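Notes for the one structure printed next.
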Amino acid sequence: MSPRGVAIPDVRERLFSAAERVLAREGPAGLTNRAVTEEAGCAKGLLYNHFADLDDFVAQLVLDRFERVAAEVAPLPGRAGSGDVRENAAGAALVLLGAAGPAVAAVALSRQGVTQRVRTAWEAGAPGPDAIEGALARYLEAEQRLGRVAAGADCAMLALALTGTVHHLLMHGDRPADGPALVRRLVAALVPVP
């Protein structure tokens, strides 16, 4: 436990990582202020020093994780022309299903206040599923210009289908184990390569 009055470096990330561990172990019902702060090894009031309430904390966790995913997928269009097109597209889509993705999505859906806060932030421009979809579309279009995706392919619709499928898998967190295989099968079925 951190001593009282001693600054904790990167407290937000420490609390977010602790929340992911609690979610993985106990599910959405186990996510409480006490569970998070105990897992993080810090004072029970620390969470409320940085967040308005538990809904604010969870909303910020969701937004932070989507921002990380968007940043990880953003360089994808620049990789056009290298590697396997289908594997590149599947890999980018699968970033959303990262280790904690389904658990974080489950807790967000279980808390009405979180859902509204996240939606409002996305409407205001925070990175969300649209950022991932946009990067995938730009990547597929770049590959299409290079002749590595069929000329007649509707890249925007392919990106929407991939992102939508991963979103579906996130919302039904009981399937994360076979998620990668499903996404790769979808990419193989949808993305026409010459």
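How much solvent-accessible surface does LEU109 expose, in Å² to the nearest 10, with a 1.4 Å probe and all protein chains in place?
100
Once both axes come from the Cα atoms, what is the angle between helix 129-145 and the longest principal axis of the chain, in degrees from 0 to 90, rounded to 10?
20
With the other protein chains left in place, how much accessible area per residue, in square angstrom, belongs to the chain at a 1.4 angstrom probe?
Result: 50 Å² per residue.
Measure nothing but the geometry: give the 0 to 90° angle between the long axis through the Cα atoms of 179-190 and the longest principal axis through the Cα atoms of the chain, rounded to 10°.
Around 20 degrees separate the two axes.
Enter the per residue convex hull volume of the stretch 105-194, computed from alpha-carbon coordinates, in Å³ rounded to the nearest integer.
90
Go ahead and estimate [θ] at 222 nm for the chain from helices alone: -39,500 (n - 2.57) per DSSP H run with n ≥ 4, summed, over the residue count, rounded to 500.
-20500 deg cm²/dmol
Any idea how far apart ALA151 and GLU123 come out in nm if each label point goes 7 Å out from Cα toward Cβ?
Going by the 7 Å Cα→Cβ label model, 4.4 nm.
Can you send over the carbon and sulfur percentage of the accessible area for the stretch 16-153, probe radius 1.4 Å, protein chains only?
51
Consider a paramagnetic label point 7 Å from the Cα of SER82 along Cα→Cβ; state which residues of the stretch 113-143 have an amide N under 20 Å from it.
What the label zone holds, given the 20 Å backbone N cut-off, is 135-143.
With everything on Cα atoms, drop me the angle between helix 54-73 and the longest principal axis of the chain, reported from 0 to 90° to the nearest 10.
30
The values are calculated or read from the model by the stated rules, or taken from the named source; none is laboratory data. The model shown is predicted, which means the values in this text are computed figures rather than measured ones. Heads up, the Cβs are rebuilt from the backbone with ideal geometry, glycines too, and the neighbour counts pull from every protein chain shown. Calculation scope for accessible area: heavy atoms of the full protein, side chains included, ligands and nucleic acids excluded. Shrake-Rupley method; radii C 1.70, N 1.55, O 1.52, S 1.80 Å.
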